[in-house]
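Inspection log for the structure reproduced underneath, given as structure tokens.
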Amino acid sequence: MRLLYLLLFRFFLVFLLFPAYSFAQDFNSNLVGHWKFDNNFNDATSKANHATGSDGVGFTTGVGGMANTALLFDGVNDYVKIAHHSAYDFGTGDYSLGAWVKFSYIPDGWTSIIW
């Protein structure tokens, strides 16, 4: 029984200390783009495919109450544009797009968030 506890302790010690770095490194190296909107439109990956926002896009309080870490759209004609890059030509392979969105209301005539 003592051997089992020692093995479990070693497993958790190795799992908690070492793979965190390699998982994060692998995850980030495979990203095509990552826009945190942390008071700017910069791409957080090493690819530096920065975005631009239309005149009506503003920064607001984001998750956890952190100032200027989220975007605010007035619902008229605001958008964020990311210039075309060959890395965005996904072809027919698997890929995913993700966004956290909070609506103050859902308008009639629903429109796209990502297109």
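Do we find a residue being modelled with pLDDT of 80 or more and either surrounded by 10 or more Cβ atoms within 10 Å (Cβ to Cβ) or in contact with a Phe, Trp or Tyr (Cβ under 6 Å, 6 or more places away or on another chain) (or both) anywhere in the range 85-93?
Yes, the range 85-93 contains a residue that is modelled with pLDDT of 80 or more and either surrounded by 10 or more Cβ atoms within 10 Å (Cβ to Cβ) or in contact with a Phe, Trp or Tyr (Cβ under 6 Å, 6 or more places away or on another chain) (or both).
How many residues does the range 61-75 hold that are β-branched (V, I, T) and more than 14 Å from S104 (Cβ to Cβ)?
Qualifying residue count for the region: 2.
The values are calculated or read from the model by the stated rules, or taken from the named source; none is laboratory data. No experiment lies behind these values; they were computed from the predicted model shown. All Cβ positions, even for glycine, are placed from backbone atoms using ideal geometry, and neighbour counts span all protein chains on display.
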